[in-house]
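Asks: One structure, pasted below without further comment.
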Amino acid sequence: MGAVELLKQAYYIDVRIDNKLEQMEALNALATKATTTFGNEPVSGTRDVHKREETICKIVDLQNEINADIDSLVDLKRELRKTIESIPNVDYRTVLELRYLNFRKWEEIAVTMGYRLRNVHYIHDKAIEYLDGEKE
């Protein structure tokens, strides 16, 4: 995998983490519904309490899986950050951080760094060449 493809993963990692967090919220809402229905129901021997317990256990299992997924995604993002931070050239690092970790548009990067857009693209290309050279 080339450096650009590796760096683009950061965006998709953020999207996936957000999706996992939304799933967690939905599961928490479902768990709340499953546990708050104990209200004013008459006590009956025919009520299926075990089914509710099974549902809650399944929700907890799914939450644990999602937490593990989030942990692995955060670890991957940490590795991407380390890769960028390992570059000795400050301009290269700055462009890559702004583009792939902060998800800034090219124009915003140019304004932030005080460069013309063409220069930002040139610095980006050189940074990618540097990373690709490191992998060989």
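The values are calculated or read from the model by the stated rules, or taken from the named source; none is laboratory data. Computed from a predicted structure; not experimentally measured. Every residue, glycine as well, gets a Cβ built from its backbone with ideal geometry; the counts of neighbours run over all protein chains shown.
Asks: Pairs, please: C-beta under 9 Å, at least 6 apart or cross-chain, first residue not assigned by TED's automatic domain parsing to the domain that holds residue 92 and in segment 1-23, second of a type in the set (A, V, I, L, M) and not in a helix (DSSP H, G or I)?
Replies: 9/1
Asks: Here's something else I'd like to know. Do you know which of the residues in segment 65-92 that are assigned to a helix (DSSP H, G or I) and among the hydroxyl-bearing types (Ser, Thr, Tyr) is surrounded by the most Cβ atoms within 10 Å (Cβ to Cβ)? Walk me through it before giving the result.
Replies: From segment 65-92, those assigned to a helix (DSSP H, G or I) are 65-85, 90-92; that's our starting set.
Those still in the list that are among the hydroxyl-bearing types (Ser, Thr, Tyr) too: 72, 83, 92.
On the way: 72: 12, 83: 18, 92: 20.
If we take residues in segment 65-92 being assigned to a helix (DSSP H, G or I) and among the hydroxyl-bearing types (Ser, Thr, Tyr), then 92 is surrounded by the most Cβ atoms within 10 Å (Cβ to Cβ).
Asks: Working carefully through the options 77, 58, find the one that is in the same structural domain as residue 21 (by TED's automatic domain parsing) and in contact (Cβ under 8 Å) with a residue 12 or more places away in the chain.
Replies: On the way: 58 fails: in contact (Cβ under 8 Å) with a residue 12 or more places away in the chain.
From the options 77, 58, the qualifying one is 77.
Asks: Kindly indicate whether residue 115 is over 23 Å from residue 23 (Cα atoms), surrounded by 12 or more Cβ atoms within 10 Å (Cβ to Cβ) and touching a residue at least 40 places away in the same chain (Cβ under 8 Å).
Replies: Numbers: over 23 Å from residue 23 (Cα atoms): yes; surrounded by 12 or more Cβ atoms within 10 Å (Cβ to Cβ): yes; touching a residue at least 40 places away in the same chain (Cβ under 8 Å): no.
Answer is no for this residue.
Asks: Also, I was wondering about something else. Identify all residues within segment 93-134 that are among the basic types (Lys, Arg) and in a helix (DSSP H, G or I); write none if there are none. Steps first, please.
Replies: Residues of segment 93-134 that are among the basic types (Lys, Arg), as a first pass: 93, 99, 104-105, 116, 118, 126.
Within segment 93-134, 93, 99, 118, 126 meet the criteria.
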